[in-house]
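The values are calculated or read from the model by the stated rules, or taken from the named source; none is laboratory data. Remember, it's a predicted structure, so these values are computed and weren't measured experimentally. We place every Cβ from the backbone using ideal geometry, glycine too, and count neighbours over all the protein chains shown. Ligands, DNA and RNA are stripped out before the accessible areas are found, and what is left, the full protein with its side chains, is counted by its heavy atoms. Shrake-Rupley method; radii C 1.70, N 1.55, O 1.52, S 1.80 Å.
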Amino acid sequence: MSTSSDTTQPTLFGDEPGLATDATFDIPLPATSDPTEPGETMCCSHIAATLADPRVGVDVLSKYKTVAAWHARRIQDTSPPAKRRKVRLSPYHFVPVGSFATPCPSTSQIHVVDLCPQVSAPTCDTCNATLSRPFACLSCSFAGCWQSGHVINHLHETAHSFCVDTRSGSVFCADCDDFIYDATIDSTYLSTVILIEEQLTRFQVVKRIREPYQPWTPDESESAMLKEATVLPAKVYSSIQTPFGPTSFLATTWKVSAEMSGYSQQDAHEFFITALNQIHMTCRGSTNISCNCVIHQTFAGQLQSDVTCERCGNTTSTVDPMLDVSLELRSKGGEGSGGENTLAGCLRRFTKPEKLPAKEYSCSKCTKAHEAVKRLSIRKLPSVLSFQFKRFEHKTTSKGVSQKIDTPVRFPASLNMAPYTTLVMNQSSKDSDGSTYPGPQAMYEYDLFAVINHEGQMDNGHYTNFARFRDEWYRFDDDKVTLSTLGTCLNSNAYMCFYVKRHLEYKPDMKPTYRVTRDNDIVREQEQEKLKEMARQKEVDDALMATIAGD
């Protein structure tokens, strides 16, 4: 590649400072993709064979790294400077900002020195045209233009196979006559660009280099948990008729969770929460803040706690994440709502305001300990809503021995969660009617799809469950799966209930806010144009009427 004489950019295949041909990269490079492997549908056999050659493959990757590093370094070095402004020195002299002027004592002339010299673009080795997007051969130092076909002609004349787009890192194969994809090439490009950015990027506050990129490499136990969670649905929905026992899933849970290991009796709710947390920690997209992993997208909601001081009226709100809702079966007096326990009654007790004594609350506004009122509400509803009924209690009269509550709980096939949300409860406190809910009803409607039952006592028992598949209900009891009905499920003694939103919210189907703003601006401009056209037409009509009146 040739460049003009005033260029400050190193040549394409020159020595790149800070990048050696045997440089190590933080991103692990995968093995060369094999076109015979199933699933590799877009792999090029020519690049795979080239990279498999010990000598040629090393040379091609080395030149590819140099090209990627050249462009990444060029972007960093030629970032556009701030907008220049001319500073007046005299009536006839102007010096741009970014330069400085020095007077010459012998000639009384002013010499302007530019601190931001122009970086020349490379030129085509065939036509000497300036290249805004150079293509470089991976077998020699040739660089040429794509639109005029000089780089393609070079590949055919020299029997070279590959060239690379320096801007995107895409590789063109002359034998395939098309751009190709290879996992090794792609990983090499990413690792090289990251390495150059780490060398050149500086923090604005502390002048130090950027921390090196560390890829996520889960250990064997963590990756095993995620694999088991992926295999389990595939086994359940497979066409195999024999019973499936998730023994490997159970064994993996024992390895990653010490409290769940062993052959002692375990609680289904504790196992459910443990499994969700383990899958969350090993899932793609897992973060501590605003997590978007599959677990939180499915089960996570938000619970809001409002504490109001009865002395000054100050309200303190706290929002916490939730994966499920645990409900008391009995009120503090020992009786259920209306003489019986229902899911709606449990939710009303869950969101009912309760008094806090002065010794448990200190107001941050009046800075005094005073009685307060605490109220829980659901701020954000998840896609899948899971309820656990607290069927175990500790009685002081029984020397602290835990007992199981076998009280039946009535739960519906369809559930409207609007009365228990923060939005509706705040509106109900202002509006005495409370019969209408903000937003569409589809926001709050849920349908039952699974129920877990427990038979037995505290120290022993057996779990069964009901689950809905399409419009049919089934009962699962170890390896026995029998067809059941919705009525049988609703009459069972539930320990956990699972509801799914009737209308799921898919973000790709939601209209982005920028598009809404753009459409509103277009409508507003069209209305303004109509008003202007009507005003012009009125002027024309007035002028015509004046002319007719004058005649």
May I ask you to list the residues in region 340-378 that are of a type in the set (Asp, Glu) and without any contact (Cβ under 8 Å) to a residue 40 or more places away in the chain? GLU354, GLU360
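Within region 96-114, does at least one residue satisfy the condition of being modelled with pLDDT of 90 or more and of a type in the set (Phe, Trp, Tyr)?
Of all residues in region 96-114, those modelled with pLDDT of 90 or more come to none.
Scanning region 96-114 turns up no residue that is modelled with pLDDT of 90 or more and of a type in the set (Phe, Trp, Tyr).
Is it the case that ARG88 is of a type outside the set (A, V, I, L, M, F, W, C), open to solvent by 50 Å² or more (accessible area, probe 1.4 Å) and either modelled with pLDDT of 90 or more or not in a loop (DSSP other than H, G, I, E, B) (or both)? Break it down stepwise before answering.
Values: of a type outside the set (A, V, I, L, M, F, W, C): yes; open to solvent by 50 Å² or more (accessible area, probe 1.4 Å): yes; either modelled with pLDDT of 90 or more or not in a loop (DSSP other than H, G, I, E, B) (or both): yes.
Answer is yes for this residue.
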Over region 383-408, the set of residues in a strand (DSSP E or B) and modelled with pLDDT under 90 is LYS390, PHE392, GLU393, HIS394, SER402, GLN403, LYS404
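Every residue, every condition in (1) assigned to a loop (DSSP other than H, G, I, E, B); (2) within 19 Å of VAL58 (Cα to Cα); (3) touching a His at 6+ places or on another chain (Cβ under 7 Å), yes or no:
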{"position": "CYS127", "(1), (2), (3)": "yes, no, yes"}
{"position": "ARG133", "(1), (2), (3)": "yes, no, no"}
{"position": "GLN147", "(1), (2), (3)": "yes, no, no"}
{"position": "LEU155", "(1), (2), (3)": "no, no, no"}
{"position": "CYS163", "(1), (2), (3)": "no, yes, no"}
{"position": "SER168", "(1), (2), (3)": "yes, no, no"}
{"position": "ASP186", "(1), (2), (3)": "no, yes, no"}
What number of residues within region 192-224 are modelled with pLDDT under 75 and not in a loop (DSSP other than H, G, I, E, B)? 7
Return the residues of region 457-477 that are in contact (Cβ under 8 Å) with a residue 24 or more places away in the chain and surrounded by fewer than 17 Cβ atoms within 10 Å (Cβ to Cβ); say none if nothing qualifies. GLN457, MET458, ASP459, ASN460, GLY461
I'd like to know if region 348-355 contains one or more residues that are of a type in the set (A, V, I, L, M, F, W, C), assigned to a strand (DSSP E or B) and at pLDDT 80 or above. no
Picked from region 371-390 (must be open to solvent by 10 Å² or more (accessible area, probe 1.4 Å), hydrophobic (A, V, I, L, M, F, W, C) and in contact with a helix residue (DSSP H, G or I) (Cβ under 9 Å, 6 or more places away or on another chain)), the residue farthest from ALA358 (Cα to Cα) is VAL384
Complete set of residues in region 38-85 that are touching a Pro at 6+ places or on another chain (Cβ under 7 Å) and at pLDDT below 75: CYS43, ARG84
Among residues of region 53-67 being under 14 Å from PHE162 (Cβ atoms) and among the hydrophobic types (A, V, I, L, M, F, W, C), the residue surrounded by the fewest Cβ atoms within 10 Å (Cβ to Cβ) is VAL56
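Considering every residue within region 501-519, establish whether at least one is under 22 Å from VAL384 (Cβ atoms), at pLDDT 85 or above and surrounded by 10 or more Cβ atoms within 10 Å (Cβ to Cβ). Before you say what the answer is, go through the steps one by one.
Let us first name the residues in region 501-519 that are under 22 Å from VAL384 (Cβ atoms), namely 501-510.
Now restrict to residues that are at pLDDT 85 or above: 501-502.
With surrounded by 10 or more Cβ atoms within 10 Å (Cβ to Cβ) added as a condition, the list becomes 501-502.
Yes, the conditions are met somewhere in region 501-519.
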So for region 411-434 (the condition being at pLDDT 90 or above, under 19 Å from HIS503 (Cα atoms) and surrounded by fewer than 11 Cβ atoms within 10 Å (Cβ to Cβ)), does at least one residue qualify? yes
